[in-house]
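Student: Before we start, here is the structure in question, set down as structure tokens.
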Amino acid sequence: MYKKLFIPGPTEVREDVLEKLATPQIGHRSKEFQELFAAIIPKLQKVLYTKNRIFLGTNSGTGFMEAAVRNFSKKRILSTICGAFSDRWSKIAEANGKEVDKIEVEWGKHIPTEEIDKALSTGKYDCLLYTHNETSTGVMNPIDEVAEIMKKYPDVVWCVDAVSSMGGYLFKVDELGVDFILASAQKCWALPSGLAVAVISDKAIERAKEVPNRGYYFDMLTFLKYYEKNQTPTTPAIPHLFALNYQLDKIIDEGMENRYNRHIKMAEYVREWAKKYFALFPEEGYESVTLTTVENTRGISVADLNKALGERGKMLSNGYGSKLKEKTFRIAHMGDITLDEIKELLSDIEDILGL
């Protein structure tokens, strides 16, 4: 049975977007592919407010997280952790043999900007890993604050995980000064999983030139070589690129500011609902605009709730990992989902639970 997805990835993909996946294949070294690639990049630059290069990868966002630690640090990495996915990035760095120090907070709390400033002021680090939107806890970290302090550290390559916010949050990448910001297609871009997007600065490229053992599949200098030919290093997920090109036209028609405001309205509605019937898990003032993590103060069976929702053709997400499963549940309001669809989901939950 088809279920409308209110989970933080993969998200709901509209039928017209899915149809673009059936576009007949073209050769990835053909002129037709170069034209497709050349059409996509300016559209991405427009919605992300950047003039920087944008790399496209046939991988999850996690792949570009690994690319960041392999390409942009030759000294020591500062990793900031506030949940499962920011913790994963730290583990990826360690698994690649990098020297890593951590700023870690209780799940549900935000990463304090002053702690980042204090650590970077030691001069020990050449790379910062920062998760903008922690998908496990529903915390959205204050990226604008960090942008201000990063101006003091021109030798630090600033890498941002925007997996569950890019395409929903209004990123003005060049104003922020981020060096490498990555995301997956199956979140706010509202595309099928299997494609990732990363914006890379000149500074990050220059750093990569200094780093040995960058690997093969995620060598950013190889990406650069092919980018300049409107190609990807290896065979990409061509159907996804047809869909991305189409979806970007829809996003531009909506307007990125309007898209962001739609996400805010959905987030505010879900938060008020959560506070009425349950409680919010993330720290006040740092709630995500793309998903809401609800604290299960009623002790309901989230698994049973989801089963009942499935019978009505809908699906939400349980808490992530052993720390949060059944203790929280997550409602995604990202991508092409509308406020009316959110209202229908919440009405169903109220009916099922007898609220």
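Student: Work through the residues other than Glu341 whose Cβ is under 10 Å from its Cβ and net out their charges, Lys, Arg +1 and Asp, Glu -1.
Tutor: On the way: positive: Lys4, Lys314, Lys343; negative: Glu12, Asp336, Asp340, Glu344.
Neighbour charge sum, excluding Glu341 itself: -1.
Student: Sticking with this structure for a sec: Only helical DSSP H runs with n ≥ 4 go in: add -39500 (n - 2.57) per run for the chain, normalise by residue count and round the 222 nm mean residue ellipticity to 500 deg cm²/dmol. Don't skip to the answer; put the middle values down first.
Tutor: Working: 14 runs with 149 residues, N = 355.
Calculated at 222 nm, the ellipticity per residue is -12500 deg cm²/dmol.
Student: Need one number: nm distance between label points at Thr122 and Ser322, each 7 Å from Cα along Cα→Cβ, rounded to one decimal.
Tutor: So the label points at Thr122 and Ser322 sit 3.0 nm apart.
Student: Here is a follow-up. Diagonalise the Cα gyration tensor of region 128-200 and give the resulting equivalent ellipsoid semi-axes, square root of 5 times each eigenvalue, largest first, whole Å. Numbers along the way, then the final one.
Tutor: Numbers: eigenvalues 95, 34, 20 Å².
Taking √(5λ) for each Cα gyration eigenvalue gives 22, 13, 10 Å.
Student: OK, next. Out of the DSSP beta bridges found with both residues in the chain, what percent are antiparallel (nearest 5)? If you can, show how the numbers build up before the last one.
Tutor: On the way: 22 of 42 bridges.
For the chain, the DSSP antiparallel bridge percentage is about 50.
Student: Taking R0 as 56 Å, what's the FRET efficiency between Glu344 and Lys152 from their Cβ-Cβ distance, rounded to 0.05?
Tutor: 0.70
Student: Right, something else. Excluding same-chain residues fewer than 8 positions from Lys314, which aspartates and glutamates have a Cα within less than 12 Å of its Cα?
Tutor: Leaving aside aspartates and glutamates fewer than 8 places away in the same chain, those within reach of Lys314 are Glu12, Glu341, Glu344, Asp348.
Student: In the structure displayed, which of Lys152/Lys203; Lys46/Lys152; Lys4/Lys307; Lys51/Lys74; Lys3/Lys343; Lys4/Lys46 lie more than 19 Å apart, Cα to Cα? Kindly include the intermediate steps, with their values, before the conclusion.
Tutor: Values: Lys152/Lys203 15 Å; Lys46/Lys152 27 Å; Lys4/Lys307 13 Å; Lys51/Lys74 26 Å; Lys3/Lys343 16 Å; Lys4/Lys46 29 Å.
Going by Cα-Cα distance, Lys46/Lys152; Lys51/Lys74; Lys4/Lys46 fall outside the 19 Å limit.
Student: Using Stokes-Einstein with the Kirkwood hydrodynamic radius over Cα pairs, what translational diffusion coefficient do you get for region 94-233 at 20 °C and a viscosity of 1.002 mPa s, in µm²/s rounded to a whole number?
Tutor: On the way: Rh = 16.4 Å.
My calculation gives 131 µm²/s for D.
Student: Output the direction-averaged projected area (hull surface divided by four) of the convex hull of the alpha-carbon atoms of region 159-304, in nm². Let's see the in-between values first.
Tutor: Numbers: hull surface 47.8 nm².
For the Cα atoms of region 159-304, the hull's average projected area reads 12.0 nm².
Student: In vacuum, with every alpha carbon of region 233-355 counted as one equal point scatterer, what does the Debye formula give for log10 I(q)/I(0) at q = 0.16 Å⁻¹? Two decimals, please.
Tutor: The Debye formula, applied to the Cα set alone, gives -0.84.
Student: Near the amide H of Thr328, under 5 Å away, which other amide H atoms are found, from residues 5 or more places off or on another chain, if H is placed in the peptide plane?
Tutor: Asn296, Gly319
Student: In addition: Residues in region 41-71, backbone N under 20 Å from the label point at Leu21 (7 Å along the Cα-to-beta-carbon vector): list them, ranges by number please.
Tutor: In region 41-71, the label zone of Leu21 (backbone N under 20 Å from the point 7 Å along Cα→Cβ) covers 56-63.
Student: How many nm is it between the label spots at Glu114 and Asp101, if each spot is 7 Å from the Cα in line with the beta carbon?
Tutor: In this crude spin-label approximation the distance works out to 1.8 nm.
Student: What is the distance, in nm, between label points placed 7 Å from the Cα along the Cα-to-Cβ direction at Tyr2 and at Glu145?
Tutor: 4.4 nm
Student: Shifting gears a bit: For region 92-136, what percent of Cα pairs sit more than 13 Å apart? Numbers along the way, then the final one.
Tutor: Values: 613 of 990 pairs.
Beyond 13 Å sits 62 percent of the P(r) for region 92-136.
Student: While we're on this one: Given contacts defined as C-alpha pairs under 8 Å and at least six residues apart, what's the relative contact order of the chain, whole-number percent? Mind showing how you got there, number by number?
Tutor: Values: 694 pairs, mean separation 88.2, N = 355.
It comes to 25 percent, rounded to a whole number.
Student: Here's another thing I want to ask about it. Please give the length that would be gained between Leu224 and Glu283 if that part of the chain were fully extended, namely 0.36 nm times their separation in residues minus their C-alpha to C-alpha distance (nm, one decimal).
Tutor: Details: separation 59, 0.36 × 59 = 21.24 nm, distance 3.95 nm.
Working it through step by step, the gained length comes to 17.3 nm.
Student: Hey, any idea what the orientation-averaged projected area of the convex hull of the chain's Cα atoms comes to, in nm²?
Tutor: The orientation-averaged projected area of the Cα hull of the chain comes to 16.8 nm².
None of the figures in this text is laboratory data; all of them are computed from the coordinates on show. This one's a predicted model, so the numbers in the text were calculated from it and none came from an experiment. Glycine also receives a Cβ, built like all others from the backbone with ideal geometry; neighbour counts cover every protein chain displayed.
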